[in-house]
1. With a 1.4 Å probe and all protein chains left in place, how much of the accessible area of the range 7-72 comes from carbon and sulfur atoms, in whole percent?
2. Give me the percent of DSSP beta bridges within the chain that run antiparallel, rounded to the nearest 5.
3. Could you tell me the center-to-center distance, by alpha carbons, between the range 181-235 and the range 441-474 in angstrom?
4. How large is the accessible surface per residue of the range 7-72, computed with a 1.4 Å probe and reported in Å² as a whole number?
5. When the accessible area of the range 175-276 is computed with all protein chains present and a 1.4 Å probe, what percentage of it is carbon and sulfur?
6. Compare the Cα positions of Leu354, Val14, Ala287 along the charge dipole of the chain (+1 at Cβ of Lys, Arg; -1 at Cβ of Asp, Glu; about the Cα centre) and return the one farthest towards the positive end.
7. When ligands, DNA and RNA are left out and all protein chains stay put, how many square angstrom of accessible area per residue does the range 97-231 have with a 1.4 Å probe?
8. Write down the accessible area per residue of the range 378-474 in Å², having rolled a 1.4 Å probe over the full set of protein chains.
Amino acid sequence: MPDDPQPRRTPPSVDALLRSPALAEAIRTHGATHATDAVRAVVEAARASWTSGGAVDDATLVARAAAWLAARDVRRARRVFNCTGTTLHTNLGRAPLAESAIAAAVDAMRHPLALEYDLASGGRGDRDDLVEALVIELTGCEAATIVNNNAAAVLLALDTLAGAAVRGTRREVVVSRGELIEIGGAFRVPDIMRRAGCKLVEVGTTNRTHARDYVDAIGPKTALVMKAHASNYTIEGFVASVGEAELATLAHAATLPLMIDLGAGALVALEDHGLPHEPTVRETIAAGADVVTFSGDKLLGGPQAGIIAGRRELIARMKKNPLKRCLRCDKATLAALEATLALYREPERLRERLTTLRWLTRSRDEIRATAAALLPAFASRLDGVATVDIEDCASQIGSGAQPVDRLPSAALVIRPLAVRGGGRVLAAIESGLRALPVPIIGRTAKGGLWLDLRTVEEPEALLASWAAFVLQRT
Ligand SMILES: *Cc1c(COP(=O)(O)O)cnc(C)c1O
């Protein structure tokens with residue numbers, strides 16, 4: 001009996017424990033199977049105590065079973081507050097979706113959807129039809145196809161345009177040495193080329209590539225000229241590269257297509273919103289690119305997706321490639337992407353509705369106001385342990401967009417009072433923040449913990465989580 005104060009010296013029967021009133025609540029909440037797993041696990045874990053002559057009472061076992069169940073029920077997909085200063089943080093899920101995109105995704109998940117069904121004719125449709133017309137309208141391309149992410153877009157495009165070997169000889173793709181990029185998570189241009197079955201021909205040098213380098217490298221085996229947008233680094237100083245328009249002219253003179261991996265995929269002139277310029281898909285296509293690939297969840301502000309926009313006949317070949325079937329998106333993604341793209345039809349309301357753009361364009365004053373709303377609760381809770389101040393900082397766009405430019409922002413900066421052992425105090429505060437119901441993820445720098453508040457639009461929600469803060473002293 002769990003209420004028996006007498007500690008047991010032998011393991012109880014699992015069934016007997018499960019019948020105890022103290023477990024009734026757990027069984028109601030978690031179900032009998034789940035509760036049985038818990039009791040088995042805690043009895044098993046305590047077996048060593050009994051073997052060595054120790055004692056464990058039933059109440060302890062019941063409490064451990066409840067804790068075991070609670071721990072197992074914690075979701076791995078947890079919402080967090082991104083206070084890292086990297087606005088579109090790849091490890092924290094990149095772009096937040098706009099409300100209309102969320103609603104569209106939920107609807108698509110809940111109900112049957114005209115996904116590959118033409119409502120006009122009643123015949124079979126193509127899932128790309130959900131968004132293709134919008135991509136054409138917003139970028140000026142002739143056709144488009146959508147895949148799971150931009151890495152998949154590059155793979156599909158390369159495989160289609162340059163993948164098939166001719167009489168045992170791999171076809172060549174010409175790329176500047178300055179653009180052999182690696183994106184986090186092991187996306188490397190040379191590796192993708194190998195996977196797509198084409199041969200990479202590097203031209204120029206790391207810092208300088210000229211038109212004649214491309215011309216010299218183009219031969220009978222060349223299938224494609226490729227340019228990759230250097231999205232997560234810059235090369236400065238004695239540099240030269242060939243612009244899109246010149247490269248397009250040069251490729252077309254050799255009757256080759258030009259493919260540009262744009263990465264970030266801006267659909268509007270960001271400078272109109274006070275942000276650094278990022279090449280837009282429209283201007284890249286207007287410059288003569290035959291195929292442009294970009295991400296849905298970077299600057300575009302939509303769900304994870306890879307968009308391939310370009311010339312009709314090239315896109316048609318990609319749609320027929322069996323790889324497309326392996327790389328296609330699900331219905332919720334396509335519904336969210338359609339709703340996101342539709343927002344771009346009203347540029348004057350874009351900032352208000354597209355969460356990504358709203359975050360990126362928040363002014364320092366606005367962010368400072370958020371910091372001021374949070375300061376008292378943080379300062380009083382950390383009184384005697386650390387100081388809390390509001391300081392200016394600089395956020396990054398993130399996700400490989402504009403690696404150098406910074407956005408003026410503001411942060412709560414937590415600095416331990418004690419000079420000795422300060423590092424440990426800071427680590428304890430950080431882990432306390434990670435243990436909150438909605439974890440708060442910051443960044444340590446210059447002896448302090450910086451909480452950049454650019455992405456925190458609702459200070460009340462953050463305060464509600466902060467209320468559960470516990471400082472674990474080590
Ligand atoms: C981000 C990026 C990729 C990879 O895109 P994902 O959507 O993460 O798959 C490829 N190329 C460039 C230039 C990028 O910036």
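1. Numbers: 2000 of 3590 Å².
That share works out to 56 percent.
2. Working: 33 of 54 bridges.
That works out to approximately 60 percent antiparallel.
3. 42 Å
4. Numbers: 3590 Å² over 66 residues.
That works out to 54 Å² per residue.
5. Numbers: 2350 of 4690 Å².
Here it works out to 50 percent.
6. Val14
7. On the way: 6360 Å² over 135 residues.
Roughly 47 Å² per residue, with all protein chains present.
8. On the way: 4420 Å² over 97 residues.
Counting only protein heavy atoms, the per-residue value for the range 378-474 is 46 Å².
The values are calculated or read from the model by the stated rules, or taken from the named source; none is laboratory data. Bear in mind the structure is a predicted one, so any value in this text is a computation, not a measurement. Please note: Cβ atoms are built from the backbone with ideal geometry, for glycine as well, and neighbour counts cover all protein chains shown. Surface areas here come from the heavy atoms of the whole protein model, side chains and all, with no ligands, DNA or RNA. Shrake-Rupley method; radii C 1.70, N 1.55, O 1.52, S 1.80 Å.
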